[in-house]
1. Can you name the residue in the range 171-194 that is small (Gly, Ala, Ser) and buried (at least 17 other Cβ atoms within 10 Å of the Cβ) and is also nearest to PRO147 (Cα to Cα) among such residues?
2. Within the range 216-262, count every residue that is more than 21 Å from the chain's Cα centre (by Cα), closer than 25 Å to LEU183 by Cα and among the hydroxyl-bearing types (Ser, Thr, Tyr).
3. Quickly run through the range 580-616 and pick out the residues that are among the hydrophobic types (A, V, I, L, M, F, W, C) and closer than 21 Å to TYR641 by Cα.
4. Sort out which residues of the range 468-492 are surrounded by fewer than 17 Cβ atoms within 10 Å (Cβ to Cβ) and of a type in the set (Gly, Ala, Ser), and write them in order of number.
5. Failed condition for ASP601, given (1) in a loop (DSSP other than H, G, I, E, B); (2) at pLDDT 95 or above; (3) among the acidic types (Asp, Glu), with all others met?
6. Can LYS442 be described as surrounded by fewer than 18 Cβ atoms within 10 Å (Cβ to Cβ), touching a helix residue (DSSP H, G or I) at 6+ places or on another chain (Cβ under 9 Å), over 20 Å from LEU665 (Cβ atoms) and of a type outside the set (A, V, I, L, M)?
7. Based on what the data block shows, is LYS578 basic (Lys, Arg), in contact with a helix residue (DSSP H, G or I) (Cβ under 8 Å, 6 or more places away or on another chain) and farther than 28 Å from ILE315 by Cα?
8. Report the residue count in the range 372-414 for those that are farther than 23 Å from GLY357 by Cα and among the β-branched types (Val, Ile, Thr).
Amino acid sequence: MQRFLCAPMPFMNKPFAVLSIAAALLFAAPLHAQKTVTAPASPQITVDRGAAYYHYGLAHVYEQLAVDQGRSDYATQAIENFKMALNADPSSPYLQSGLADLYFRLGRIREAVEAAQDQVKKDPNSLQAHTLLGRVYLRSLGDGATPQSAEMLQLAIHEYEIIVQLQPASVENHLLLGQLYALNHDTAHAEAQFKAAQNADPNAEEATLSLARLYTDQGDLQHAVTILAAVPVTSRSAQMESALGGLYDQTHQRKLAIENYRLALDQEPDNTDTRRALAQDLMQDQQDDAALAEYNRILTAEPQDAQSYIRISDIQRRKGQYADSLSTLEKAKTLVHDPMDLNYIHYNEAIADEALGRDDAAIAILTAAITDTNHADNQYTDQEKGNRAAFMENLAELYRQQDKTADAIAVYASMIAMGGDYAERGYQGQVDSWRDAHQWQKATDAAAAAVKTMPSDVSVALVYAGQLADTGKPDDAIAIAKSKLGGKNDREIHLALSQIDTRLKRWKDAAAELDAAEPLSQKPDDKEYLIFLRGALAERQKHIEEAEGFFRQVLVMDPDSTMTLNYLGYMLADHGLKLEEARGMIQKALNADPQNGAYLDSLGWTYFKLGQYALAEETLHKAVSRIKTDPTVHDHLGSIYEKEGKLALAVAQWERSLEASQKSLPADVDPADVAKVQKKLESAKVKLAKSSAH
């Protein structure tokens, strides 16, 4: 019989093999049935270890059958045999805890808890029973949003507090208790447990990562960085390097993040999540070629990754490779499943088409995108609203460039209907549209309507104030703006007042408002914009060196600030200074926004100053097509025609310049510039007359 029990099982089918073990146990039982012993500690209790062994083994057989075949009757048999094993050896702590564990494995949680609690009553120091109770409570936690979940969390914490006392050297238990404390928002105790895990094993990586996550969740990012950075580079795992890279991202230390992501990939080159983070940072750091290489590596590993195609298209568009960008977006379009991703693709298709001068194609894409995302009940999520607003603003801008003011106004009206910040932007767009068309009263009416609809909105009030200042009511404008002071929007108000004063040529008042805004400008972007406005104020006063200094300060803070690159580049070129540098600045701004009429005008005028008249004419033709009502652009194009001997064309442009000046706001026109254009026009007409006479 013993030889039979030890021989290999001949059955290939698993259930039969299990049943054979059961049969063997049945045959073996009589060999042990009569061998009873008396437990030394309790003479009253008879222990039959042979029967206990037999029923324990049979219980496991039935448990396996229950798992393999999904039959509840086998689960019942497993439990009954375990109980019989316990009856045969009632003093066995192993069997007592084992029954509770069997209940847990079979999903009978209530009985598992009762059995484990009963074991704890018999033996308060039973690590196995406390561990089982802790596991049961962990399994019952849920999402923490219900009273039952909150109760389970407290019970789990209680059990693991006991467990770490019974097993103080267990890193795993300290970590788990720390995570439970963190879930209970008990940061101090969570921190203590994570540090206890570190003390138990100074090389425990998860303890260090848990501490870093805890500080991150508290918003103490620098402390989290310090924890991970303190680990020697030679001891950091790929997970640590990647986590440190993520922290450097959050603390705006992009170059350090790039370095850590690369170190992580040196250890785990197949980790595409880390590679995506690296590629994204390289893009943001303007390292387009390096980013492109990383996205191509991702596609080698995951050829169906739509996001990599989308990012590659972004890089191609930034490089001015618009046709390639559109081709890449077509590949991405076949792979995306999320409607939001498809919206993003449509948006970028429109941008690429616009950059290629295909405004009608861009308008068609944006119009279709707005229609496709329309909901009959007019109910949208915040993300859906954001996407629709982006489509609408881009579409309205295209209409404005085509002088389709009514169409632009209608699109902005749809934004206004969305409410909140979208309404504010919609009203601002309507005001700007009417201003583009030199419809000053309609612009003022739109601003007044915005104030009536949104009387408590400070930004809307400032738009109205600016419009009043431009249309001959400066005192009313300043009074409205100042009436809003005394709240969280004071910085915005001081900046608006400064710009009103600048347009009114009240230089000291404008400077004083910027001074008032300075202590309220603490964020890097806020400081950058304030310095930009100081530069613009200096330039308006013809303080060119001072203005240049301010603009260069901005470019140190943000080398990619397009408005600063254009403003400084144009100012230098207009004064005949540092022309090649000016051209480079403007070209960089134009690369980021290829169809910007103001940037095109700046570049065309710089070409003119450099004596490159063919390039100047080509570029200014594009500028005029984008901003037809700007007197300066027509003057610039007229000057080029004069240089090229095309006097009739020059006369036509200067006449349009004067006509546009007459329709412009006083703040947008320098009488001295108008006089110069008038003089050039008269001189050209005289030359034309003499030429015709001969």
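The values are calculated or read from the model by the stated rules, or taken from the named source; none is laboratory data. Values in this document were obtained by computation on a predicted structure and should not be read as measured data. Cβ atoms come from the backbone with ideal geometry, glycine included; neighbour counts cover every protein chain shown.
1. Restricting to residues being small (Gly, Ala, Ser) and buried (at least 17 other Cβ atoms within 10 Å of the Cβ), the top hit is ALA182.
2. Count: 1.
3. Residues of the range 580-616 that are among the hydrophobic types (A, V, I, L, M, F, W, C), as a first pass: 582, 585-586, 589-590, 592, 598, 600, 603, 605, 608, 610, 614-616.
Answer for the range 580-616, where residues must be among the hydrophobic types (A, V, I, L, M, F, W, C) and closer than 21 Å to TYR641 by Cα: ALA598, LEU600, LEU603, TRP605, PHE608, LEU610, ALA614, LEU615, ALA616.
4. Selection gives GLY472, ALA479, SER483, GLY486, GLY487.
5. That leaves (1) as the condition not met.
6. Details: surrounded by fewer than 18 Cβ atoms within 10 Å (Cβ to Cβ): yes; touching a helix residue (DSSP H, G or I) at 6+ places or on another chain (Cβ under 9 Å): yes; over 20 Å from LEU665 (Cβ atoms): no; of a type outside the set (A, V, I, L, M): yes.
For LYS442, the condition - surrounded by fewer than 18 Cβ atoms within 10 Å (Cβ to Cβ), touching a helix residue (DSSP H, G or I) at 6+ places or on another chain (Cβ under 9 Å), over 20 Å from LEU665 (Cβ atoms) and of a type outside the set (A, V, I, L, M) - is not met.
7. Working: basic (Lys, Arg): yes; in contact with a helix residue (DSSP H, G or I) (Cβ under 8 Å, 6 or more places away or on another chain): yes; farther than 28 Å from ILE315 by Cα: yes.
Taking the combined requirement at face value, the residue satisfies it.
8. Number satisfying all stated conditions: 2.
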